[in-house]
Amino acid sequence: MTPSSCAREAFTVAAALVLLSPSPASASPPQPPLRVDVHDVQGAGHRSPLLGRTVTDVRGVVIATDAYRKTFWMQSTTPDHDPATSEGIQVVVGKVGVKQGDLVSVSGTVQEVRDGEDTAANANLSVTRIGGPASATLLGRHELPEPTSIGRAGRVPPDEVVKDDATGNVEDSPAFDAAGQGLDFYESLEGMSVRVDVPLAVSPTLSSRSGRRVTVVAEDGADATILSSRGALPVREHDANPERLTLTTRLLREAIPADLDVGDRLSPACGVLDYRYGAYEILATCRVAQLPAPHLNRETTSPAQADELAIATFNVENLSAVSPQDKVTELARTITTNLASPGLIVVEEIQDNDGPTDSGVTAADQTWHTLIDGIAAVGGPAYDYRQIDPVDNADGGQRGGNIRVGFLFRTDIGLTFTDRPGGDATTPVRIAPDGALTLSPGRIEPTDSAFTDTRKSLAGEFVFRGTRLVVVANHLSAKRGDDPILGRFQPPRTPSTERRARQTTVLADFARQLFDRDRDARLVLAGDFNDTEYSAPLRTLRDLGLTDLPATLPEAERYTYLYQGNAQILDHVLLSPALTAGRHDYDIVHVNAEFHDQVSDHDPQVVRLHVP
């Protein structure tokens, strides 16, 4: 399963809110109720200085309500004008009996809540609230506060620094800089009414049963550190883009259009600043509309010339023989039209014939033929395929789906696959003295612990115009279990990187053996590596002398995948020196990640190799 599959699942299922226990010093002995203001409860930090205390007659005007969750948000009418202390707060009651614009007096217990189970490992930040449940007394009506503008008209968020003045659990750190630190900036606005002028969509609309969400930057991206020519916001090695914010429809169902794509400009957005799913978000309280703008077109690459071999890599997101026909048709059209029918396609996320049904079936012949027939049906050329069925439920992904990598290749351009029998789920391929593969297709160290519960890399030998090429299809471990960028542990812990580092070490050993036997070997490593161009796993491969083609592009154009508005490279094509010495053209073909109606969550890419 790809990271986006995990993200979508997380979006559709509301995580439990868990109360954080106050420290022993604040829990006993009992202390009398405090009469304080909202900013006193929030304090200048990530945890309330009054955690566990009972507060009384905390006054504010209701700025939003959520009857389903028995919650409302109120904002102080007597702010302290300290930008480090939020003037808004969440209130949880037995029943929401107030409405927007009501002036209320609240009494209850100061709490910190965290999405999910409250364990030492849970990386989500907590949200301050008054609960218990709290009681609210209606005092009358009051004018709503003017929303705090996020952007040049108000407060400009940091555009690179998430949190670098503290390490480890930042909730325990006294360091707090609302002007220069991204986490602190948003904490200082938690629960407040905010506004974003001229939001620029840096993600498409993500829709689910729980509602819609879209990630934006303010002021048409004026303060974003980097934007692609198409409006995407690429993440960089030392820039995680804290300037991005997500709008959600949690409070107002139709607040966000369902058909937004990257680069769309929107009317002003307003709502309450909250934190969920490891990110700050604005719970929209007004409808935003798409402003007139040029339509974002899906890209089309150039076809290969007669002396060129086009090699593509494409994650088809859990394709099986039981996938909807419209998915198959759109994938076929993408391959035929947008990718210009490449000679060879490294394919990721092919499922077995019955898809997610956990039946013990691992064969995928029907799935491959479904795609091949779909390509022919839209006027594409004839393709053949090679792959190896996995051991049942041993390769990760959706249980019962048995995803795997494989090769699609054209049979009409002089490209041939060199079949050498014996490859199966557990037998490793080796390198013969002349640089040939002992198995083709063959898995690379499939029983190595580095590949436990993930897809095994698959090597295949091809011949084009008399030239031998070794191509390795890859789909490394996903980022499952990593901390969110905007989480309480800084820098974020990324245990999945170690798994991928071990996997690329295995791949590097394979490549070294190949080069030892054939110094001029024409090697292509391609697929979904689930990591960025500047990551340690990709450095392992580049240190061999391989060229990572996405890293040769300008920084603003390096992305094949979007997550929470961060555009990033997860898919790679790496070439050996013998291939980069010749003429080659490389292209990321943006057809999916930027669009709300994507057929896959990854963009494909293609390299055209000149083979004399």
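Summary table
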| quantity | calculated |
| --- | --- |
| Residue in region 298-313 that is farther than 25 Å from Leu574 by Cβ and assigned to a strand (DSSP E or B) present | no |
| Residue that is surrounded by 20 or more Cβ atoms within 10 Å (Cβ to Cβ), of a type in the set (A, V, I, L, M) and more than 28 Å from Arg468 (Cα to Cα), where the choices are Leu291, Leu331, Leu344 | Leu331 |
| Region 359-380, residues that are assigned to a loop (DSSP other than H, G, I, E, B), of a type outside the set (A, V, I, L, M) and surrounded by 15 or more Cβ atoms within 10 Å (Cβ to Cβ) | Thr362, Gly380 |
| Condition met for Leu541 (aliphatic (A, V, I, L, M), at pLDDT 95 or above, more than 18 Å from Glu237 (Cβ to Cβ) and crowded, with 16+ Cβ neighbours inside 10 Å) | no |
| Close pairs (6 angstrom Cβ cut-off, 6 or more residues apart or separate chains): not assigned by TED's automatic domain parsing to the domain that holds Ile345 in region 399-421, assigned to a strand (DSSP E or B) anywhere | none |
| Residue in region 89-98 that is farther than 20 Å from Asp40 by Cα and touching a residue at least 60 places away in the same chain (Cβ under 8 Å) present | no |
| Matching option when the condition is within 25 Å of Arg276 (Cβ to Cβ) and either of a type in the set (Phe, Trp, Tyr) or modelled with pLDDT under 95 (or both), among Arg244, Arg213, Arg209 | Arg209 |
| Complete set of residues in region 336-363 that are out of contact with any strand residue (DSSP E or B) (no Cβ under 9 Å at 6 or more places or on another chain) and within 14 Å of Tyr383 (Cα to Cα) | Thr336 |
| Region 331-346: number of residues that are touching a helix residue (DSSP H, G or I) at 6+ places or on another chain (Cβ under 8 Å), in a loop (DSSP other than H, G, I, E, B) and within 19 Å of Asp571 (Cβ to Cβ) | 1 |
| Only listed residue being closer than 30 Å to Pro612 by Cα and not β-branched (Val, Ile, Thr), chosen from Leu574, Leu562 | Leu574 |
| Among the candidates Leu227, Leu252, residue that is surrounded by fewer than 21 Cβ atoms within 10 Å (Cβ to Cβ), assigned to a loop (DSSP other than H, G, I, E, B) and in contact with a Gly (Cβ under 6 Å, 6 or more places away or on another chain) | Leu227 |
| Subset of region 86-103 [of a type in the set (Val, Ile, Thr) and crowded, with 23+ Cβ neighbours inside 10 Å] | Ile89, Val91 |
| Region 301-328, residues that are surrounded by fewer than 15 Cβ atoms within 10 Å (Cβ to Cβ) and more than 23 Å from Thr370 (Cα to Cα) | Ser302, Pro303, Gln305, Ala306, Asp307 |
| Residues of region 330-387 classified as more than 23 Å from Phe462 (Cα to Cα) and not small (Gly, Ala, Ser), total | 18 |
| Qualifying residues in region 378-391 (those that are in contact with a helix residue (DSSP H, G or I) (Cβ under 7 Å, 6 or more places away or on another chain) and among the aliphatic types (A, V, I, L, M)) - the one nearest to Gly406 (Cα to Cα) | Ala382 |
| Complete set of residues in region 465-524 that are surrounded by fewer than 22 Cβ atoms within 10 Å (Cβ to Cβ) and of a type in the set (Gly, Ala, Ser) | Gly466, Gly481, Ser496, Ala501, Ala508, Ala521 |
| Cβ-Cβ under 8 Å pairs, at least 6 apart or on other chains, region 465-493 side in a strand (DSSP E or B), far side modelled with pLDDT under 95 | Thr467/Val611 |
| Failed item, numbered, when Arg512 is tested on (1) in contact with a Ser or Thr (Cβ under 6 Å, 6 or more places away or on another chain); (2) within 27 Å of Glu498 (Cα to Cα); (3) not polar (S, T, N, Q) | (1) |
| Check on Phe176, aromatic (Phe, Trp, Tyr), in the same structural domain as Glu219 (by TED's automatic domain parsing), crowded, with 23+ Cβ neighbours inside 10 Å and in contact (Cβ under 8 Å) with a residue 24 or more places away in the chain | no |
| Subset tally (residues that are free of Cβ contacts under 8 Å to residues at least 40 places away in the same chain, in a helix (DSSP H, G or I) and of a type outside the set (Gly, Ala, Ser)) for region 535-556 | 6 |
| Any hit, region 287-294, residues being charged (D, E, K, R) and in contact (Cβ under 8 Å) with a residue 60 or more places away in the chain | no |
| Check on Thr78, touching a Gly at 6+ places or on another chain (Cβ under 6 Å) and hydroxyl-bearing (Ser, Thr, Tyr) | no |
| Residues satisfying the stated conditions in region 53-69, i.e. out of contact with any His (no Cβ under 8 Å at 6 or more places or on another chain) and crowded, with 16+ Cβ neighbours inside 10 Å | Arg53, Thr54, Val55, Val58, Arg59, Gly60, Val62, Ile63, Ala64, Thr65, Asp66 |
| Which listed residue is of a type outside the set (Asp, Glu), farther than 20 Å from Asn315 by Cα and touching a residue at least 12 places away in the same chain (Cβ under 8 Å), from Phe529, Phe510 | Phe510 |
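Residues checked against (1) in the same structural domain as Asp66 (by TED's automatic domain parsing); (2) modelled with pLDDT under 95; (3) surrounded by fewer than 17 Cβ atoms within 10 Å (Cβ to Cβ); (4) among the aliphatic types (A, V, I, L, M):
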| site | (1), (2), (3), (4) |
| --- | --- |
| Val106 | yes, no, no, yes |
| Gln111 | yes, no, no, no |
| Ala121 | yes, yes, yes, yes |
| Val127 | yes, no, no, yes |
| Pro133 | yes, no, yes, no |
| Arg152 | no, yes, yes, no |
| Pro157 | no, no, no, no |
| Ala166 | no, no, no, yes |
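This table checks each residue for (1) at pLDDT 95 or above; (2) in contact with a Lys or Arg (Cβ under 7 Å, 6 or more places away or on another chain); (3) assigned by TED's automatic domain parsing to the domain that holds Met192.
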residue	(1), (2), (3)
Pro294	no, no, no
Ala312	yes, no, no
Val316	yes, no, no
Asn338	yes, yes, no
Pro342	yes, no, no
Gly355	yes, no, no
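Here is a yes/no grid of residues against (1) within 16 Å of Arg404 (Cα to Cα); (2) of a type in the set (Val, Ile, Thr); (3) without any contact (Cβ under 8 Å) to a residue 24 or more places away in the chain:
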{"residue": "Ser302", "(1), (2), (3)": "no, no, no"}
{"residue": "Leu309", "(1), (2), (3)": "no, no, no"}
{"residue": "Leu331", "(1), (2), (3)": "no, no, no"}
{"residue": "Thr334", "(1), (2), (3)": "no, yes, no"}
{"residue": "Asn338", "(1), (2), (3)": "no, no, no"}
{"residue": "Ser359", "(1), (2), (3)": "no, no, no"}
{"residue": "Ala363", "(1), (2), (3)": "yes, no, no"}
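The values are calculated or read from the model by the stated rules, or taken from the named source; none is laboratory data. Note that the structure is a prediction, hence the values are computed from the model and not measured. Don't worry about glycine lacking a Cβ; one is built from the backbone with ideal geometry, like all the others, and counts go over all protein chains shown.
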